[in-house]
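The following block contains the structure, expressed as structure tokens.
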Amino acid sequence: MTRVPDLPVPPPFMWACRECAHFLTELGIAFTLAAGHALYDGSVRCQLLLAAHLASRHAGDVPDRHQDCAPCDYYRQRAETQGIEDLWLEHRARDLFLPAEDARLL
Ligand SMILES: [Zn+2]
Ligand SMILES: [Zn+2]
């Protein structure tokens, strides 16, 4: 049985945004359900939606690139490739609402 991860405390701007607050609530529910059902991975969909929302609406609040992070290195080397900037932003946005070990998976 998977445990519910210890989620970081989201920054205040996320609670101030109705969409972010909605996704944070959904994510908490999804993680709790996933912990009880091995085949339920609704939290993944929620993570993707929230990361995409942060990248498009809160780009200025997304952290800079991580130190010692394989995905960041990957994105940095391909930064000129079209569309990569958005994916990179979404990757960094995951840090705002996921524990580091989960955030760096995508
Ligand atoms: Zn928001
Ligand atoms: Zn990274």
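Rule-based calculations on the coordinates, nothing more; no lab input. These numbers were taken from a predicted model, which means no experiment stands behind them. We place every Cβ from the backbone using ideal geometry, glycine too, and count neighbours over all the protein chains shown.
For L39, L98, L105, L7, which order do you get if you count the other beta carbons within 10 Å of each Cβ and list the fewest first?
Least to most surrounded, the residues fall as L39, L105, L7, L98.
Could I ask something else about it? So how strong a dipole does the chain carry about its Cα centre when Lys and Arg Cβ are +1 and Asp and Glu Cβ are -1, to the nearest 20 debye?
140 debye
Related question: What does the charge count around Q67 come to, taking other residues whose C-beta lies under 13 Å from its C-beta (Lys +1, Arg +1, Asp -1, Glu -1)?
0
Right, next: What's the whole-number percent of alpha carbon pairs in region 44-93 lying beyond 17 angstrom?
Looking at region 44-93, the distances longer than 17 Å represent 34 percent of pairs.
Now for a different question. Simple spin-label model, 7 Å along Cα-to-Cβ: R45 to E101 in nm?
Label-label distance for R45 and E101, simple model: 2.7 nm.
Hey, another quick one. How high is the relative contact order of the chain, given as a whole-number percent (alpha carbon pairs under 8 Å, six or more residues apart)? Intermediate values should be presented prior to the final figure.
Working: 97 pairs, mean separation 32.5, N = 106.
Reported relative contact order: 31 percent.
Stretched out fully, how many nm does the piece from L33 to D68 gain, at 0.36 nm a residue minus the Cα gap?
Length gained between L33 and D68: 9.4 nm.
Tell me the label-point distance for the pair A59, A21, using the 7 Å Cα-to-Cβ offset, in nm and rounded to one decimal.
With each label placed 7 Å out from Cα toward Cβ, I get 2.6 nm.
For a quick size check, give me the Cα extents of region 5-69 along its three principal axes, largest first, whole Å.
Principal-axis extents of the Cα atoms in region 5-69, largest first: 36, 33, 19 Å.
Still on this structure: In the chain, if the dipole is taken from +1 on Lys/Arg beta carbons and -1 on Asp/Glu beta carbons about the Cα centre, which of Q82, S43, Q67 is farthest to the positive end?
It is S43, whose Cα lies furthest towards the positive end.
Taking C-beta distances below 4.7 angstrom as the pairing criterion, name the unpartnered cysteines of the chain, in sequence order.
Unpaired cysteines in the chain: C46.
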